[in-house]
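What follows is a single structure, written as structure tokens, with notes after it.
The values are calculated or read from the model by the stated rules, or taken from the named source; none is laboratory data. This is a predicted model, so every value here is computed, not measured. Here the Cβ is made from the backbone with ideal geometry for all residues, glycine too, and neighbour counts use every protein chain on show.
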Number of protein chains: 2
Amino acid sequence: MKVVITGGTGFIGRRLAADLLARGNLTGPSGRSEPIDELVLFDAVTPTERAPEWDERVKVISGDISDRETVSSLVDRDDISVFHLASVVSGGGEKDFDLAIRVNLTGGLNVFEALRARAGQPRLVFASSIAVFGGSAMADVVGDHAKQTPQTTYGMTKAACELLINDYTRKGFFDGRSARLPTVIIRPGKPNAAASSFVSSVFREPLNGQPCILPVGPEAVMPLLGYRAIVGGFVALHEADGDAIGDDRAVSLPSLTVTVGDMIAALKRVAGDRPLGPIAIEPDPFIEKIVATWPLDASYRRATALGLPRESDLDEIVAAYIEDYLDN
Amino acid sequence: MKVVITGGTGFIGRRLAADLLARGNLTGPSGRSEPIDELVLFDAVTPTERAPEWDERVKVISGDISDRETVSSLVDRDDISVFHLASVVSGGGEKDFDLAIRVNLTGGLNVFEALRARAGQPRLVFASSIAVFGGSAMADVVGDHAKQTPQTTYGMTKAACELLINDYTRKGFFDGRSARLPTVIIRPGKPNAAASSFVSSVFREPLNGQPCILPVGPEAVMPLLGYRAIVGGFVALHEADGDAIGDDRAVSLPSLTVTVGDMIAALKRVAGDRPLGPIAIEPDPFIEKIVATWPLDASYRRATALGLPRESDLDEIVAAYIEDYLDN
């Protein structure tokens, strides 16, 4: 079978690709496990180098997800699954509303229509976000049963795509599953335009011997999850029995609810003798305003029932990052 | 100021137009009450005759709401308000998914973008629906704080437009308000493609001396509201103080929760000596399946706090219909 990952050359897309290449198979539209003979990593830009694990199954294709023809041409087999990760991120969406609508909403509709045009009911896993929650009426603990009143254009488009995926699935156009992600850590490389970028920086920059300037204080709290469990959650949700998911195809991924202070403490514990760059706090009103709209705690009973994974604590996440990106 | 009603020549559009013409003014983008000097009734079809109350202020324009240029040309002044009622209805949307997306979602986006292009922050009142609720996780009592998991494409597009209106309003692009309608009774004329059409037929056909065949039994229960309170709710929500509405711009309108048996009893009480056509029950699985997804009860505390009206009981609704459509 063929697998398409949109946003496939981004951080999570690459990790998911590596995981799928190692697995070698997925449940196809037939309901049987099928070997993956083609893995397309679709993204807005082409990376300059191929990753070492990208074997002959991997094709990298760049293009504009808001162009319907482009997206249709990716979904050119009936034995296919799509992981739809491409997205304008939260901070970026606040700065460019039209881009967020074009990439996240029009792009999403293009993916949904392309899958609908195939025979059978191909599986789709969509990266939604805990940013679907927010606002003055937000519940203290958000999760599968909480009303979605997002306070960013990013979160709004994610909520709209959850609704669309539920309806396309109800109509039998494809078999969609939305994974509602908490903040994902620890992203390697450089800070990005996501308002949550600092939650990776607080680990990454000190471990690289660099200074980290935090835009929020140590009391800031948020639900988060490590990238290994995120990728494991995408695959487990893809493989889950459709009837067990039910008519609401969107599932809040497991998460750990921690403070920025907890993050700094875990970093220091796990780093041991490694030299760490300094951490300073310089409040940034733009980021603080967005972070203030985030939920303080999250529930994830449905994800647990479906067998989706979670790291046991922050220390496990920091240790995995050191293993994956510093020691290798 | 100018007022545009999309779906303006439909039942509710006409009643809203008559109400606005009689009022003569609305709160404009300036925040002050302004005389209405132009009232555009936009709809997919042009009626063959003008209504008696349509004076020189009223222009009837027909066109396709999914065409962006058409919609932009309607919103050609800064001192404007839009009541966006145009919609594919629930049963129609289940039979033609693409039409529902085109009219309800693309059409909605066209209205939102047209308002965004104006200076100031024009007010928009959108006709949402209690059909945004549904599914296996639906709360026993739905309302302003309930999660939206619609089980019709109609309800899904209404939920998506609520999300979009919240975000366009948050961004300051316009001042949107969504009125979440329960089933509206008593529609004059003929049955339409809405799955709820029978809830008007059960009153209308017997009062016209015609037989009524109900697709559901007397125990079927639903929240509903009379058209006078619906129109009053649209206007009151338009006039409401924006800060009092808050960051969730969608408000569940008041409703009465009654059974089909209650409806028949109220009809007989209010009809008095009028001869009534016979009522028979012939279950229709297509309609029963949709009705089974509707909420059983609804709350409307925010609407009450904002002063939105509700009829006191079914008898008041039946008496109003007799006055408006049979005795006049």
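On inspection, A:Glu49 fails the criterion of being under 30 Å from A:Ala194 (Cα atoms), among the charged types (D, E, K, R) and in contact with a helix residue (DSSP H, G or I) (Cβ under 8 Å, 6 or more places away or on another chain). For region A:126-136, the criterion of being of a type in the set (Ser, Thr, Tyr), crowded, with 18+ Cβ neighbours inside 10 Å and over 17 Å from A:Gly8 (Cα atoms) is met by at least one residue.
Within region B:122-149, being within 11 Å of chain A (Cβ to nearest Cβ) and in a helix (DSSP H, G or I) holds for one residue alone: B:Val132.
Across region A:191-223, which residue is nearest to A:Leu296 (Cα to Cα) among those that are over 13 Å from the mean Cα position of the chain (by Cα), hydrophobic (A, V, I, L, M, F, W, C) and assigned to a loop (DSSP other than H, G, I, E, B)? That would be A:Ala220. Scan region B:251-259 and give yes if some residue there is buried (at least 16 other Cβ atoms within 10 Å of the Cβ) and within 14 Å of another protein chain (Cβ to nearest Cβ), otherwise no. Yes. Contact map, region B:279-291: residues that are touching a residue at least 12 places away in the same chain (Cβ under 8 Å) paired with residues that are among the aromatic types (Phe, Trp, Tyr), Cβ distance under 8 Å, separation 6+ or inter-chain. Pairs shown: B:Ile287/B:Phe198. Checked against (1) closer than 20 Å to A:Lys147 by Cβ; (2) outside any helix (DSSP H, G or I); (3) in contact with a helix residue (DSSP H, G or I) (Cβ under 7 Å, 6 or more places away or on another chain), B:Gly155 meets all criteria but (2).
Against the condition closer than 30 Å to B:Leu276 by Cβ and either under 17 Å from the mean Cα position of the chain (by Cα) or of a type outside the set (A, V, I, L, M) (or both), how does B:Gly226 come out, does it pass? Considered against the rule, which asks whether it is closer than 30 Å to B:Leu276 by Cβ and either under 17 Å from the mean Cα position of the chain (by Cα) or of a type outside the set (A, V, I, L, M) (or both), B:Gly226 comes out as yes.
Restricting region A:293-319 to residues that are among the aliphatic types (A, V, I, L, M) and in a helix (DSSP H, G or I) leaves a set whose member that is surrounded by the most Cβ atoms within 10 Å (Cβ to Cβ) is A:Ile317.
One residue alone among B:Thr157, B:Thr106 is surrounded by fewer than 24 Cβ atoms within 10 Å (Cβ to Cβ), closer than 25 Å to B:Val45 by Cα and either over 19 Å from the mean Cα position of the chain (by Cα) or of a type in the set (S, T, N, Q) (or both), and that residue is B:Thr106. Being farther than 30 Å from B:Lys171 by Cα and either in contact with a Cys (Cβ under 8 Å, 6 or more places away or on another chain) or basic (Lys, Arg) (or both) holds for only one residue in A:Gly261, A:Gly277, and it is A:Gly277. Does A:Phe42 fit the bill of being touching a Gly at 6+ places or on another chain (Cβ under 6 Å) and in contact (Cβ under 8 Å) with a residue 40 or more places away in the chain? Against the criterion (touching a Gly at 6+ places or on another chain (Cβ under 6 Å) and in contact (Cβ under 8 Å) with a residue 40 or more places away in the chain), A:Phe42 qualifies. Taken over region B:92-120, the residue count meeting the criterion of being touching a residue at least 60 places away in the same chain (Cβ under 8 Å) and either within 22 Å of B:Gln151 (Cβ to Cβ) or within 11 Å of chain A (Cβ to nearest Cβ) (or both) is 6. As a summary of the residue check, B:Ser87 satisfies the conditions (1) among the small types (Gly, Ala, Ser); (2) away from chain A (no Cβ under 14 Å); (3) surrounded by fewer than 18 Cβ atoms within 10 Å (Cβ to Cβ); (4) assigned to a loop (DSSP other than H, G, I, E, B) except for the one numbered (3). Regarding A:Arg228, is this residue surrounded by fewer than 20 Cβ atoms within 10 Å (Cβ to Cβ), more than 14 Å from chain B (Cβ to nearest Cβ), not in a loop (DSSP other than H, G, I, E, B) and not aromatic (Phe, Trp, Tyr)? Judged against the criteria, A:Arg228 is a match.
As for region B:174-189, it holds no residue that is within 10 Å of chain A (Cβ to nearest Cβ) and either at pLDDT below 95 or not in a helix (DSSP H, G or I) (or both). Among the residues of region B:181-190, are any within 13 Å of the chain's Cα centre (by Cα) and closer than 14 Å to B:Arg302 by Cα? Checking region B:181-190: at least one residue is within 13 Å of the chain's Cα centre (by Cα) and closer than 14 Å to B:Arg302 by Cα.
Of the listed requirements (1) in contact with a Gly (Cβ under 6 Å, 6 or more places away or on another chain); (2) at pLDDT below 95; (3) more than 13 Å from chain A (Cβ to nearest Cβ), B:Thr70 misses just one: (2).
Let's see how each residue does on (1) farther than 30 Å from A:Lys171 by Cα; (2) surrounded by fewer than 23 Cβ atoms within 10 Å (Cβ to Cβ); (3) within 21 Å of the chain's Cα centre (by Cα):
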position	(1), (2), (3)
B:Thr6	no, no, yes
B:Ile12	no, yes, yes
B:Arg50	yes, yes, no
B:Ile61	yes, yes, yes
B:Asp76	yes, yes, no
B:Asp98	no, yes, no
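Annotation: of all residues in region A:231-249 being within 14 Å of chain B (Cβ to nearest Cβ) and not basic (Lys, Arg), the one that is nearest to A:Arg180 (Cα to Cα) is A:Asp248.
Checking each residue in region A:151-163 for being within 7 Å of chain B (Cβ to nearest Cβ) and not polar (S, T, N, Q) picks out A:Met156, A:Ala159, A:Ala160, A:Leu163.
I'm trying to understand the selection: among the residues of region B:242-263, which are under 21 Å from the mean Cα position of the chain (by Cα) and assigned to a loop (DSSP other than H, G, I, E, B)? Once the filter is applied, which keeps residues that are under 21 Å from the mean Cα position of the chain (by Cα) and assigned to a loop (DSSP other than H, G, I, E, B), region B:242-263 yields B:Asp248, B:Arg249, B:Leu253, B:Pro254, B:Ser255.
The listed residues are B:Ile279, B:Ile290, B:Ile322, and the only one of them that is more than 28 Å from B:Gly134 (Cβ to Cβ) and either modelled with pLDDT of 95 or more or surrounded by 14 or more Cβ atoms within 10 Å (Cβ to Cβ) (or both) turns out to be B:Ile322.
A single entry from A:Val251, A:Val221, A:Val270 fulfils the requirement of being aliphatic (A, V, I, L, M) and without any contact (Cβ under 8 Å) to a residue 60 or more places away in the chain: A:Val270.
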